[in-house]
Amino acid sequence: MNPAEQGRVAVIGAGPAGLSAAEALAARGAAVDVYDAMPSVGRKFLLAGIGGLNLTHSEPYADFVGRYGARRAEIDALLRGFDADALRAWAGDLGVETFVGSSGRVFPREMKAAPLLRAWLVRLRAAGVRIHVRHRWLGWSEDGGLRFAAPDGETQARPDAVVLALGGGSWKKLGSDGAWWPWLAEKGVALAPLKPANCGFDAAWSAYFAEKFAGEPVKSVGLRMRCADGRAFERVGEFVITAGGVEGSLIYACSALLRDEIELRGEAVCHLDLMPAWDEAKVLAEVSHPRGSRSLSSHLQSRLGLKGARAGLLRECLDREAFQDPRRLAAAIKRLPLRLVAPRPIDEAISTAGGVYFEALDARQMLAALPGVFCAGEMLDWEAPTGGYLLTACFASGRAAGLGAADWLAARRG
């Protein structure tokens, strides 16, 4: 059967979610046109893979799905159709072998995103998918057509169904600018405000501390956080001091709690364990050891190995009197309060929370307010930490939206 007889579908957004939707639709016989505002597809995907593409994670499924927090149930439904193992198998079918790193993260053997994307585009084009770059979606015309700003001027498309996979609001230069938000709001779609996720935070550093330690990593420290709503976080990892605050993997992992606490209370206080391998009694014993003529800084470095940014944080976050009291000092080394006052701007974030509420979608991921329009990827209201969780859910939701659109078209044909 001619693909046009199965229905013509416009997929807007050529990241992992959009391309996954296109692949699922083409496999079901639809004629698919993919539109993207950028000069080439998968720009954010490629940039994310520069340091080694973290495709997914190998941890047990129950732990994996737990990373999606409040939207665990909704993401679970998507992952049941395309989970981490399915993603690895899919990459293998494209000729891209994957391996599990020491942290459990899954990477392509070549560590790069480009070979996978190239192989994927070859498969999509062979399946008849047409890709239109430099086509920025401008919303709908008065008579329901899709408006695009194209190289030769404004153009319109009138497909039988639409899959929106436009990303969130971070990394505008790569195409995820959140410009779609007011257009969907005007159509009566229930939306949550876009917020930064996996982001850095501002702290009120002294000028001395900021100048001396900006750019310095803080390694092998614990971070504990408990929110007013009962959510808690505890992990050992590392982060980086910035001129205005903190960023890095340990901070990103806790960013949802920090952001929400700041929104509720105006600030968030988490606690750092500068010596996570030692209990407080051992720390107290070393702090209390006679230091003779040595300075306290030399004493802490000699007895505990506290130096550099970790020692600087202790000085920055603790009052002077505490350094004269061994018990207070030992307690602070194990539970140093770090006060954060604001998340960094959304365009600096790795990803975003907020977007289309799942409650605005039916089981096929079609918008109740806009029949024939389906949504996928980061423009949905969910978030997850880095570590392959973001990508896996984008692939899964894109595939689900594509299959949902195909089912809807088939039902219309009777």
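Structure data summary
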item: Scattering curve values for the stretch 25-107, log₁₀ I(q)/I(0), Debye with Cα scatterers, q = 0.20, 0.23, 0.25, 0.26 Å⁻¹; result: -1.18, -1.24, -1.23, -1.23
item: Two-decimal ratio, the chain, of alpha-carbon radius of gyration to 2.2 N^0.38 Å; result: 1.13
item: Straight-distance crosslink candidates among lysines, where the alpha carbon sits under 17 Å from Lys334 and sequence neighbours closer than 8 are dropped; result: Lys219, Lys282, Lys307
item: Peptides ranked, highest mean first, by Cβ atoms within 10 Å: ranges 285-297, 304-316; result: 304-316, 285-297
item: Under-5 Å amide H pairs with Gly139, H placed in peptide plane, nonlocal only; result: Arg147
item: For the stretch 395-400, Karplus couplings with θ = phi - 60° (6.51, -1.76, 1.60), whole Hz, Gly/Pro x; result: 4, 5, 6, x, 4, 4
item: Along principal axes, Cα extents of the stretch 162-321, largest first, whole Å; result: 73, 34, 26
item: Cβ charges +1 (Lys, Arg) and -1 (Asp, Glu), total dipole of the chain, debye; result: 940 debye
item: Square roots of 5 times each gyration tensor eigenvalue, C-alpha, the stretch 332-396, largest first, Å; result: 34, 14, 11
item: Debye, to nearest 20: dipole size of the stretch 255-414, +1 on Lys, Arg Cβ, -1 on Asp, Glu Cβ; result: 740 debye
item: Hydrodynamic radius (Kirkwood) for the stretch 255-325, which is based on Cα pairs only, to one decimal in Å; result: 14.1 Å
item: For the stretch 249-373, Kirkwood radius (reciprocal of mean inverse C-alpha pair distance, Å); result: 17.9 Å
item: Ordering of 368-379, 240-251 by burial proxy (mean other Cβ atoms within 10 Å per residue, highest first); result: 368-379, 240-251
item: ³J(HN,Hα) computed for each position of the stretch 406-411 - Karplus, 6.51 cos²θ - 1.76 cosθ + 1.60, integer Hz, glycine/proline x; result: 4, 5, 5, 5, 5, 5
item: Normalised contact order of the stretch 312-414, rounded percent, pairs of Cα under 8 Å and 6 or more residues apart; result: 21 percent
item: Between helix 16-27 and the chain: long-axis angle, C-alpha atoms, 0 to 90°, nearest 10; result: 30 degrees
item: Residues whose placed amide H lies under 5 Å from that of Ala342, excluding near-sequence neighbours; result: Asp202
item: Amide H within-cut-off set for Ala349, under 5 Å, with H built and near neighbours excluded; result: Trp171
item: Under the Debye formula (equal points on every Cα, no solvent term), log10 I(q)/I(0) of the stretch 121-185 at q = 0.22 Å⁻¹; result: -1.15
item: Relative packing of peptides 392-404, 255-267 - highest average C-beta neighbours within 10 Å first; result: 392-404, 255-267
item: Positive-end residue of Gly52, Cys375, Leu390, charge dipole of the chain with Cβ unit charges; result: Gly52
item: Average projection area in nm² (convex hull over Cα atoms of the stretch 1-144, one quarter of hull surface); result: 10.6 nm²
item: Residue-averaged [θ]222 nm for the chain, counting only DSSP H segments that reach four residues, each worth -39500 (n - 2.57); result: -10500 deg cm²/dmol
item: Förster-model FRET efficiency, 22 Å R0, Glu234 and Arg339, C-beta, rounded to 0.05; result: 0.75
item: Partners for Lys173 among lysines (Cα-Cα distance below 27 Å; same-chain residues under 8 apart left out); result: Lys44, Lys112, Lys187, Lys195
item: Whole-Hz couplings from phi, Karplus 6.51/-1.76/1.60, listed for the stretch 193-208; x for Gly and Pro; result: x, 6, 9, x, 9, 6, 10, x, 9, 8, 10, 8, 5, 6, 4, 4
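Values quoted throughout were computed directly from the atomic coordinates according to the rules given, and no laboratory measurement underlies them. Just so you know, these numbers come straight off a predicted model, no measurement behind them. With ideal geometry, Cβ positions are generated from the backbone for all residues, glycine too; neighbour counts draw on all protein chains shown.
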